[in-house]
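Notes to accompany the following structure.
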Ligand SMILES: Nc1ncnc2c1ncn2[C@@H]1O[C@H](COP(=O)(O)OP(=O)(O)OP(=O)(O)O)[C@@H](O)[C@H]1O
Ligand SMILES: [Mg+2]
């Protein structure tokens, strides 16, 4: 459907055009008119289908120009996502000079307070920092008309719910509430409805819960084999940008160090790193100065980075919703993507639970053979040679001729290729084994049996090892607080 048919004003239509959006996505087409009509809306649609603009455009359209109070707030689960949303709303609201501010933890509160004095019309923030400001009375939500919970199921889950309840109390004069996410488990939906008035529920019907454009694979491997297999897969698949998800902070640190030791251009983010480091890593990844982002679930939700072609779940997520969001970092806005999930023999039950939720089977992928790995490495080596040939080589010519006098050209090139295409797994890397997820059967018999049935999907949430700096109550990471150095591929 065309954006011009949705009742949006000219300034917004201009911004949409500038963003390069040609047609509204289904979630936008269905929810924008409802939100413009002042309805409470619960919107669920696959990852990467433009939910941000679906709630952002109606908010922008409804802003009153001379109203000096905060008119809308958007609550986001992570700092990075809060920043990203602020940027997108700012971009879309540029022509109407909409003032959009972001507040999040780990940043200087004094500076935020100063900026808040400039009367933002829209405030985006993480729950902890929003509450902090509310308690200090540095923000006033009495004039707020719209409250948005992005990643609503996450926000209404046990780790955040108390904070969200308090925020809703401060925004008691709100006219409408919007909840958006790619996943919306029923019990959570019920909690959400308590804060809403007769909400319209828009679920974009798709065959699968995961984005259509992602080819999903799994590799069955023992814990100790996973790292070598992943490196070989990276060599063979040659991702443009890849995200590797690990279960704990220690995992992320070790995977990052291991990948760097093998010459990959990788860096990690998790909740124990300083905000400045998290932001600089993400910035490098967004600008393709970094090839591989290694992350805990702190990067699972909402992040929109174009060019992510592959997601590797080094550890299978315990919570099936988390799988949907993690792999949704690829296959966005019409692009294709590939996800590979490593499954140890006793985690097969978890894979089946994920498949039940997503209604899509992952295809088995064999670890690359030696030949395939070599082929992949040669491909990379040849690309590297092509790059080298672009430079000034005149000062090497004399020695090159001397070598050509003594050896055949084919032998010389073959030796060069051999050197360039070293098997990365020759560099030994030891990744500390994490405690495996508790055994829950093979997943074939979902009705009973030893640990079999997993209808209680929320169960996983209580155990998972979430890196969440704003959720000290549920924080159980293994982070050792060590920093690490970002190295470029030689
Ligand atoms: N109508 C559109 N046409 C083309 N691209 C769009 C359109 N709407 C949004 N986009 C772009 O699609 C990308 C994904 O959008 P967005 O991040 O809002 O997805 P999402 O549905 O919120 O995903 P997630 O569930 O992962 O949070 C962004 O780069 C956005 O600019
Ligand atoms: Mg989103």
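What follows draws every value from the coordinates through simple rules; no lab data is involved. Just so you know, these numbers come straight off a predicted model, no measurement behind them. Here Cβ is always computed from backbone atoms with ideal geometry, including for glycine, and neighbour counts include all displayed protein chains.
Here the extension length gained between residue 169 and residue 408 equals 78.1 nm, from 0.36 nm per residue of separation less the Cα-Cα distance. The packing ranking, built from the mean of other Cβ atoms within 10 Å per residue, places the peptides 410-421, 13-24 in the order 13-24, 410-421, highest first.
Residues 329, 277, ranked from the fewest to the most other C-beta atoms within 10 Å, line up as 277, 329. Note on 351, 158, 279, 230: ascending count of other Cβ atoms within 10 Å places them as 158, 279, 351, 230, the fewest first.
All alpha carbon pair distances within the chain were sorted into 10 Å bins beginning at 0; the resulting P(r) in whole percents reads 4, 19, 28, 24, 15, 7, 3, 1, 0. Between residue 240 and residue 280, the contour length at 0.36 nm per residue exceeds the Cα-Cα span by 12.5 nm. Potential lengthening of the chain between residue 417 and residue 162 amounts to 85.9 nm, from the contour at 0.36 nm per residue minus the alpha-carbon distance.
Diagonalising the gyration tensor over the Cα atoms of region 3-208 and scaling each eigenvalue by 5 before taking the square root yields semi-axes of 24, 21, 15 Å, largest first.
For the listed peptides 53-59, 128-134, 2-8, 65-71, a ranking on the average number of other beta carbons within 10 Å per residue, highest first, reads 53-59, 128-134, 2-8, 65-71. Cα centroids of region 37-58 and region 1-33: 12 Å apart.
With neighbour counts taken as other beta-carbon atoms within 10 Å, the residues 422, 39 rank, fewest first, as 422, 39.
From helices alone, the chain scores -11500 deg cm²/dmol at 222 nm; the rule is -39500 (n - 2.57) for each run of n ≥ 4 DSSP H residues, then divide by the residue total. Axis angle, to the nearest 10 degrees, between helix 26-36 and the longest C-alpha principal axis of the chain: 30 degrees. When both bridge partners sit in the chain, DSSP labels roughly 0% of those beta bridges antiparallel.
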